[in-house]
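What follows draws every value from the coordinates through simple rules; no lab data is involved. Treat the numbers as computed from the prediction; the structure is a model and nothing was measured. Reconstructed Cβ throughout: ideal geometry from the backbone, glycine too, with neighbour counts over all protein chains shown.
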Amino acid sequence: MIVTGYVDDIRIYLNNAAAAVIPLKVGGGTRLKILELFSMGVPVISTEIGAEGINAENNKDLLIGTDDKDFADKIIKVLKNKSCRNAFGKRKSGR
C-alpha cells in the first residue's frame, strides 16, 4: 500500500483505482467525493450513511454494505471480480 498524502491532481490516482471505499458510520454534509468518483467511473462501496443524500441506487450505481460483514464482502467481491468492477465503473466513464 502507498500513502501519498496531499496530491495536486487526484484524477491520476482515481484512473488507476480498482474501487473506492466509503466506510462512514456517522457524518453530515454533502458526499461530493462519491459524485467525483462516479464522474471518474470508479466503483464505489459505501455504508448507507456514506451514500446518504446521493441519488444513487444500491446494486446499480454503487454497492452499499448493510453491516460490517456485508461491507467487507462487497469490497472483496469488487476487488476480486473484474466484471463486477467494470459493471459499476463502465457506465459512467466508458472504460
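Could you line up Ser46, Ser83 from fewest to most neighbouring Cβ atoms inside 10 Å?
Neighbour counts put them in this order, fewest first: Ser83, Ser46.
Calculated from DSSP H runs of 4 or more alone, at -39500 (n - 2.57) each and per residue, what is the 222 nm mean residue ellipticity of the chain, nearest 500?
Helix-only estimate at 222 nm: -12000 deg cm²/dmol.
Which aspartates and glutamates does Lys60 reach when only Cα atoms under 20 Å apart count, and residues fewer than 8 places away in its own chain are ignored?
Filter leaves Glu36, Glu48, Glu52, Asp70, Asp73.
Got a sec to turn the phi values of the stretch 8-20 into Karplus ³J(HN,Hα) couplings, 6.51 cos²θ - 1.76 cosθ + 1.60 with θ = phi - 60°, whole Hz, x for Gly and Pro?
After applying 6.51 cos²θ - 1.76 cosθ + 1.60, I find 5, 9, 5, 4, 4, 6, 5, 4, 9, 7, 6, 6, 10 Hz.
What does the charge count near Ile54 come to, summing +1 for each Lys or Arg and -1 for each Asp or Glu among other residues with Cβ under 12 Å from its Cβ?
Residues close to Ile54 contribute a combined charge of -3.
Out of Arg31, Arg85, Arg11, any idea which swings most in a Gaussian network model of the chain, alpha carbons joined below 10 Å?
Result: Arg11 has the largest fluctuation of those listed.
In what order do Val7, Val21 fall by count of nearby beta-carbon atoms within 10 Å, going from fewest to most?
By the 10 Å Cβ count, ascending: Val7, Val21.
By counting other Cβ atoms within 10 Å of each Cβ, how are Ile10, Ile2 ranked from fewest to most?
If I rank by nearby Cβ atoms, fewest first, I get Ile2, Ile10.
Give me the percent relative contact order of the chain, please, defined on Cα pairs under 8 angstrom at least 6 residues apart.
That works out to 29 percent.
With the chain treated as a Gaussian network of Cα nodes joined by springs under 10 Å, which of Gly50, Gly28, Gly65 yields the largest mean-square fluctuation?
Maximum among the listed residues: Gly28.
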